[in-house]
1. Per residue, what accessible area does the chain have, given a 1.4 Å probe and all protein chains present, in Å²?
2. Go ahead and estimate [θ] at 222 nm for the chain from helices alone: -39,500 (n - 2.57) per DSSP H run with n ≥ 4, summed, over the residue count, rounded to 500.
3. Report the extension gain between Asn69 and Ser95 in nm, rounded to one decimal, defined as 0.36 nm multiplied by the number of residues separating them, less their alpha carbon distance.
4. Can you list residues from other chains, or at least 5 along the same chain, whose modelled amide H is less than 5 Å from the amide H of Val108?
5. Suppose R0 equals 35 Å; then what is the FRET efficiency for Ser47 and Asp79 from their Cβ-Cβ distance, rounded to the nearest 0.05?
6. Report in % the part of the accessible area of the chain that belongs to carbon and sulfur, leaving out ligands and nucleic acids; probe 1.4 Å.
7. Could you work out the Rg to Rh ratio of segment 26-69, with Rh taken as the Kirkwood radius (inverse of the mean 1/r over all Cα pairs)?
8. Can you tell me the FRET efficiency between Leu102 and Asn58 if r is taken as the Cβ-Cβ distance and R0 is 22 Å, rounded to the nearest 0.05?
Amino acid sequence: MPPRFSSSLIIISAGRGVQIIAGLFAVRLFTSFLSTSEVGNLYLVNSLAAFFGFALLNPVGMYINRKLNGWIADKVLLDRFFLYNCYIAAVALLSLPIVFLLNRCFGVGSGANVG
């Protein structure tokens, strides 16, 4: 008898497939409509955002995910989430001078039309 797939596995796989197709479509769009320097700027900005997300926020989020049920049982969940929100605010404040210096010194994001 062949192995059966659970419905959640199918839903997650379909979602990942849609995410891949959307990502490829987005790359096709911005490489078609943006100049070479603007695409380079977009890559730099995305890399900078990914650094802060993957290096500083993701490990703490994974820790929270592992400890969540214990915190609910100990009735300290809101206290932990308050600390997590303070941590996110600190990372956001840390990112401001770094992004400012990268913009002023290396021109990262200088070609972005924000307004």
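1. Numbers: 9330 Å² over 115 residues.
Spelled out: the 1.4 Å probe surface of the chain, per residue, equals 81 Å².
2. Computed ellipticity for the chain at 222 nm equals -27500 deg cm²/dmol.
3. 6.3 nm
4. Asn103
5. Values: r = 34 Å, r/R0 = 0.98.
E(calc), rounded to 0.05, equals 0.55.
6. Working: 6520 of 9330 Å².
Roughly 70 percent of what the probe reaches on the chain is carbon or sulfur.
7. Using only Cα positions, Rg/Rh for segment 26-69 is 1.27.
8. Working: r = 21 Å, r/R0 = 0.95.
Working from the Cβ atoms, E equals 0.60.
The values are calculated or read from the model by the stated rules, or taken from the named source; none is laboratory data. Computed from a prediction, not measured in an experiment: that's the story for all the values here. Here the Cβ is made from the backbone with ideal geometry for all residues, glycine too, and neighbour counts use every protein chain on show. Accessible surface is based on the protein model in full, side chains and every heavy atom, while ligands, DNA and RNA are left aside. Shrake-Rupley method; radii C 1.70, N 1.55, O 1.52, S 1.80 Å.
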